[in-house]
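Single-structure report; data block below.
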Amino acid sequence: MRQYISIILLISALLFACSAAQADAVTDWNRIAGDAVVNAGLGPLPADRVLAIASTAVYEATNAITQRYPVSDLELKAVSDASVDAAIAAANRRVLAELVPSQQAVIIAAYQAALAKIPDSSMKAGGITAGEEAARLILAMRANDGSEADEQYRPYTTPGSYVPTVIPEAPYWGGMQPWLMTGADQFRPGPPPALTSERWARDYDEVKNLGGKNSTHRTIEQTDIARFWEEVMPPIYHGIVRSVAESPGREVTQNARLFAAVTQATNDALIAVFDAKYHYNFWRPVTAIRNGDTDGNEATQRDSSWLPYIETPMHPEYPCAHCIVSGTVGAILQAEIGSRPAPILTTTSQAAGGLVRSWRTVDDFTREVIDARIYDGVHYRNSGEIGSAMGKQIANLAIMKYLQPE
C-alpha cells in the first residue's frame with residue numbers, strides 16, 4: 001500500500017512539473033505572492049484580499065499594455081511596447097510590499113531577480129511605470145473597503161452565565177465592500193434545514209458517523225481527503241487555477257484576466273458566506289451532536305463526548321466557506337476551459353504535509369471539497385451544497401464581466 005501511494009504521489013508530482021513548464025510571469029508571481037501571504041502568517045480572509053488586489057493590479061497593468069480585452073476599471077495608459085514582465089513584477093512588488101510588509105526582503109529580492117532578466121530600455125521603464133501606477137490605483141480603490149473594521153462581536157449569553165471566551169473569526173467580514181456583488185447579502189441563501197426535518201436528521205447522522213475524531217466508518221481515503229482540505233489558505237485553490245493557466249497555448253494577458261476574475265470572485269464569496277454565517281448563526285456538528293437530545297428530532301441521537309476529526313473553525317457553520325470558494329473557482333475554470341479538454345487539475349496541501357492531489361474534472365474537485373468538510377466533522381452536506389451553489393452564482397458575475405467570448 002505504501003509503495004502504491006508513493007507511485008501515485010510521484011505521478012502527480014510529474015504532472016505538476018509538466019504543467020509548470022508553461023509558467024509565465026503571471027503564474028510565477030502568483031506563487032511568490034501565495035508564499036508571501038502564507039509566510040507572513042495572514043489569516044485566509046486577509047490573504048485572499050491581498051491576492052485579489054495584487055491580481056487585479058497585474059491584470060490592469062498587463063491589459064493596458066497589450067490592450068487584448070476591453071474590460072478595465074482604471075483609466076490607465078501605457079505604451080504598447082512596454083515590457084509586460086516588468087509591469088507584472090512592479091505591480092506585485094508595490095502591492096505586496098505595502099500589504100505584506102514583513103515579507104518585504106523576499107519580495108524585493110524576487111522583484112530584482114525578475115527585472116535582472118529584462119534588458120534595460122525604455123520598454124522596461126515603461127512596464128515598471130504601468131505596473132506601479134496600476135498597483136497605486138487599485139490600492140487606493142480598496143483602501144477603505146471595510147477589511148480593517150473594528151471587531152464588535154457580542155457573545156450570546158444571559159447576564160452572569162459563562163460562555164466560551166474566544167471571539168469568533170471575522171464577524172465584520174460580511175460588511176466588506178464587494179468587488180462584483182451589489183452587496184454582501186445579494187446571494188444570501190434561505191435558512192438551514194429545520195431541526196425537526198428529515199434532511200437535518202440525515203445530515204446529522206452523516207457527519208456524526210463519518211466526521212468523528214475516532215470514526216470507524218471513515219475510510220483511509222476519506223481520511224486523506226479530510227486532511228488535505230484542512231488547508232484553508234488561498235494557495236490551495238490557486239494551484240488548481242495554475243493547472244489551467246499553465247496549459248499549452250495560453251497568453252499572459254489571458255492568465256492575468258483569469259486570476260483577476262478568480263480572486264475578485266473568491267473575495268466576494270468570502271464576504272457573502274460570512275454575511276450568511278453570522279446572519280443565521282447555525283451550530284457546528286460538535287455542538288449539535290453533544291446536544292442531540294435538545295433539537296426536537298427523535299431521529300438524532302446524542303453523543304456526549306463526540307469530537308470532530310479536525311479542530312472546528314471559530315465561526316458559525318452555515319454555509320460552508322470552503323465550498324463557496326471551491327464552487328466559485330470551479331465555475332470560473334469551467335467557463336474558461338469551455339468545450340476544450342480539461343487539463344489535469346493539481347494542487348498541494350501544506351496542512352497535509354505537502355501532499356499533492358489531482359482531479360480529472362472540475363466537478364470531481366468541487367464534489368470532493370463538499371465531502372471533505374463532512375469527513376473533517378465541521379460541516380453538514382446541506383451547507384456544502386448551498387455554499388457551492390452560492391459560489392457558482394458569484395462566479396457568474398466574474399464570468400459576465402471578464403470571460404465573455406472574444
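The values are calculated or read from the model by the stated rules, or taken from the named source; none is laboratory data. The structure presented is a predicted model; accordingly, all values stated were derived computationally and were not measured. As a convention, Cβ positions derive from the backbone with ideal geometry for all residues, glycine included, and neighbour counts pool all protein chains shown. The protein model used for the area step is the full one, side chains on, heavy atoms only, and it has no ligands, DNA or RNA in it. Shrake-Rupley method; radii C 1.70, N 1.55, O 1.52, S 1.80 Å.
Assorted remarks:
- Residue among P178, P192 that is assigned to a loop (DSSP other than H, G, I, E, B), open to solvent by less than 30 Å² (accessible area, probe 1.4 Å) and within 18 Å of Y380 (Cα to Cα): P192
- Residue in the range 279-299 that is among the acidic types (D, E) and either touching an Asp or Glu at 6+ places or on another chain (Cβ under 6 Å) or surrounded by 24 or more Cβ atoms within 10 Å (Cβ to Cβ) (or both) present: no
- Considering residues of the range 117-140 that are open to solvent by 60 Å² or more (accessible area, probe 1.4 Å) and not in a helix (DSSP H, G or I) only, the residue nearest to S55 (Cα to Cα): K117
- Residue within the range 250-271 that is open to solvent by 40 Å² or more (accessible area, probe 1.4 Å) and over 17 Å from the mean Cα position of the chain (by Cα) present: yes
- Residue that is farthest from S197 (Cα to Cα), among those in the range 298-345 that are touching a helix residue (DSSP H, G or I) at 6+ places or on another chain (Cβ under 7 Å) and acidic (D, E): E336
- The range 74-97, subset of a type in the set (V, I, T) and under 15 Å from A114 (Cα atoms), residue least open to solvent (accessible area, probe 1.4 Å): I88
- Pair list, Cβ under 6 Å, 6 or more apart: the range 75-99 residue assigned to a helix (DSSP H, G or I), other residue surrounded by fewer than 24 Cβ atoms within 10 Å (Cβ to Cβ) and of a type in the set (S, T, Y): A89/Y111; R93/Y111
- Pairs, first on the phi < 0 side of the Ramachandran plot and in contact (Cβ under 8 Å) with a residue 24 or more places away in the chain in the range 205-216, second assigned to a loop (DSSP other than H, G, I, E, B) and open to solvent by 40 Å² or more (accessible area, probe 1.4 Å), C-beta under 6 Å, six or more apart: L210/H217; G211/Y309; K213/L307; K213/Y309
- Only one of the listed residues (T312, T328) is surrounded by 22 or more Cβ atoms within 10 Å (Cβ to Cβ), modelled with pLDDT of 95 or more and closer than 22 Å to H379 by Cβ. That residue is T328.
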